[in-house]
Amino acid sequence: MKIIITLIFLGISLFIQNAAFALLAGIFLSFIQELPLNFITKKVGSKILQTGIVLLGGSISLTTVIELNGAYLPWISLFVVAIFSAGILVGKLLGVDKKQAYLLASGAAICGGTAIAAVAPSIRAKPEDLTTSLSIIFLLNAIAVITFPLVSLWLGLTQEQFGAWAALAIHDTASVVGAASVIGFDSVEVAATLKLARTLWIVPLVIFSAWYFSSEKKGSGFPLFVVFFIFAVGLNTLLDPSEDVLFALKLLNKNFLLTGLFCIGTQIDRQALRLISIRPLLLALALWCAVIPSSLWIVTSI
């Protein structure tokens, strides 16, 4: 019965074709159905989102990637280092556990849950710290997907400006692309390209973390979907697909993203929210309050 209700909710989300609605539908379903931890939407959500991002790479040329990153990469690098450093400092001032603060700073600076999951083994984080950090990031991502497009309309941002702002200010790649998809495909193209450049910072972060915490677990934790995205961009440049093929890729991309966001929404349940304590939440909110206006200033200044 839960599968049938889930398919109905998903079908409505795909019909509406709105990222915020898909995410909210997933959250609503998780609250009224109390889905088990091994429910299919909770197991495949991230994989579906990552597949959608790879499909997006097939519709973006290498020229576009180089042009965008040439303008924004120095700012992205400065931004990542500044936010990570601020997270460690503010966490200490708030009395947040050192490893908990490190996880939240990593997520806020780079790519949310992906960075947190990659760093956790390197610093030997406690399971409860990992769960709390992921729950906070999921909650903020949900808020971002719903509110950022509304703020963009109020501020009158162009599609490129919003895509860049989302790439800098929203944590997870999927939520960045989901929010940008509400504005338009040009915004999605900018958001995905810049966010994946930001994601590359996972590699030096994990290496530094393993050294700093003297961990024996030194796996890179690098998300493979970034490699596949770059490969898809290379194929687009090499094959120069027709407009019909590009249209099909964009359509597939959007439906994969909507399905993935719906699945991610089902992960935000009562149990996850109960795990959130006040000090880590204050740290995450403090970082976000710094990230949102500073990243907006960057994208409107370039």
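The values are calculated or read from the model by the stated rules, or taken from the named source; none is laboratory data. On a predicted model such as this, the values are computed, not experimentally measured, just so you know. Methodologically, a virtual Cβ is constructed for each residue, glycine included, from the backbone with ideal geometry; neighbour enumeration extends over all protein chains shown.
Being touching a Ser or Thr at 6+ places or on another chain (Cβ under 9 Å), surrounded by 23 or more Cβ atoms within 10 Å (Cβ to Cβ) and more than 30 Å from LYS2 (Cβ to Cβ) is a property that VAL65 has.
Please specify each residue of the range 156-181 satisfying the condition of being in contact (Cβ under 8 Å) with a residue 24 or more places away in the chain, farther than 14 Å from SER295 by Cα and more than 15 Å from the chain's Cα centre (by Cα). Write out each step before concluding.
Taking the range 156-181 first, the residues in contact (Cβ under 8 Å) with a residue 24 or more places away in the chain are 157, 159-175, 177-179, 181.
Subset that is farther than 14 Å from SER295 by Cα: 159, 172-175, 177-179, 181.
If the condition is that a residue be in contact (Cβ under 8 Å) with a residue 24 or more places away in the chain, farther than 14 Å from SER295 by Cα and more than 15 Å from the chain's Cα centre (by Cα), then GLN159 is the only one that fits.
In this structure, is THR6 farther than 25 Å from ILE136 by Cβ and either without any contact (Cβ under 8 Å) to a residue 12 or more places away in the chain or in contact with a helix residue (DSSP H, G or I) (Cβ under 6 Å, 6 or more places away or on another chain) (or both)? Lay out the reasoning, then the answer.
Numbers: farther than 25 Å from ILE136 by Cβ: yes; either without any contact (Cβ under 8 Å) to a residue 12 or more places away in the chain or in contact with a helix residue (DSSP H, G or I) (Cβ under 6 Å, 6 or more places away or on another chain) (or both): no.
Taking the combined requirement at face value, the residue does not satisfy it.
Just for the range 154-179: of the residues that are at pLDDT 90 or above and not hydrophobic (A, V, I, L, M, F, W, C), which one is surrounded by the fewest Cβ atoms within 10 Å (Cβ to Cβ)? So the residue we want is GLY156. For the range 10-27, the set of residues classified as touching a residue at least 60 places away in the same chain (Cβ under 8 Å) and surrounded by fewer than 21 Cβ atoms within 10 Å (Cβ to Cβ) consists of LEU10, LEU14, GLN17, ASN18, LEU24, ILE27, listed by residue number.
Would you tally the residues in the range 246-302 being more than 30 Å from VAL233 (Cβ to Cβ), out of contact with any Lys or Arg (no Cβ under 7 Å at 6 or more places or on another chain) and outside any helix (DSSP H, G or I)?
As a first pass, look at the range 246-302 and keep what is more than 30 Å from VAL233 (Cβ to Cβ): 266, 268-287, 289-290, 293.
Pick out the ones that are also out of contact with any Lys or Arg (no Cβ under 7 Å at 6 or more places or on another chain) and you get 268-287, 289-290, 293.
Next cut, outside any helix (DSSP H, G or I) only: 268-269, 275-277.
So the answer is 5.
Within the range 135-154, restricting attention to residues that are of a type in the set (A, V, I, L, M) and in contact (Cβ under 8 Å) with a residue 40 or more places away in the chain, the residue that is nearest to CYS289 (Cα to Cα) is LEU140. When the range 125-173 is filtered for residues that are under 23 Å from GLY87 (Cβ atoms) and of a type in the set (Phe, Trp, Tyr), the ones remaining, listed by number, are PHE138, PHE148, TRP165.
Looking across VAL65, VAL81, VAL54, one residue alone is under 29 Å from THR131 (Cα atoms), modelled with pLDDT under 85 and β-branched (Val, Ile, Thr). It is VAL54. When ALA105 is tested against (1) touching a Lys or Arg at 6+ places or on another chain (Cβ under 9 Å); (2) more than 14 Å from LYS195 (Cα to Cα), exactly one condition is not met: (1). Considering each residue of the range 285-302 in turn, none proves to be at pLDDT 85 or above, under 13 Å from GLY58 (Cα atoms) and either under 15 Å from the mean Cα position of the chain (by Cα) or surrounded by 14 or more Cβ atoms within 10 Å (Cβ to Cβ) (or both). Applying the criterion of at least 1 residues that are over 23 Å from LYS250 (Cα atoms) and of a type in the set (Phe, Trp, Tyr) to the helices (runs of 4 or more DSSP H) found wholly in the range 1-99 leaves 19-33, 62-94.
Report yes if PRO280 is of a type outside the set (A, V, I, L, M, F, W, C), surrounded by 15 or more Cβ atoms within 10 Å (Cβ to Cβ) and either on the phi > 0 side of the Ramachandran plot or at pLDDT 80 or above (or both), otherwise no. Give the steps one after another, and end with the answer.
Numbers: of a type outside the set (A, V, I, L, M, F, W, C): yes; surrounded by 15 or more Cβ atoms within 10 Å (Cβ to Cβ): yes; either on the phi > 0 side of the Ramachandran plot or at pLDDT 80 or above (or both): yes.
Yes.
Listed by first and then second residue, the pairs linking a residue in the range 234-263 that is more than 26 Å from ILE27 (Cα to Cα) to a residue that is of a type in the set (A, V, I, L, M, F, W, C), with Cβ atoms under 8 Å apart and 6 or more places separating them unless they lie on different chains, are GLY234/LEU62; ASN236/ILE60; ASN236/LEU62; THR237/LEU62; PRO241/LEU249; LEU249/LEU55; LEU249/LEU56. Listed by first and then second residue, the pairs linking a residue in the range 62-74 that is over 13 Å from ALA192 (Cα atoms) and in contact (Cβ under 8 Å) with a residue 12 or more places away in the chain to a residue that is basic (Lys, Arg) and surrounded by 14 or more Cβ atoms within 10 Å (Cβ to Cβ), with Cβ atoms under 7 Å apart and 6 or more places separating them unless they lie on different chains, form an empty list.
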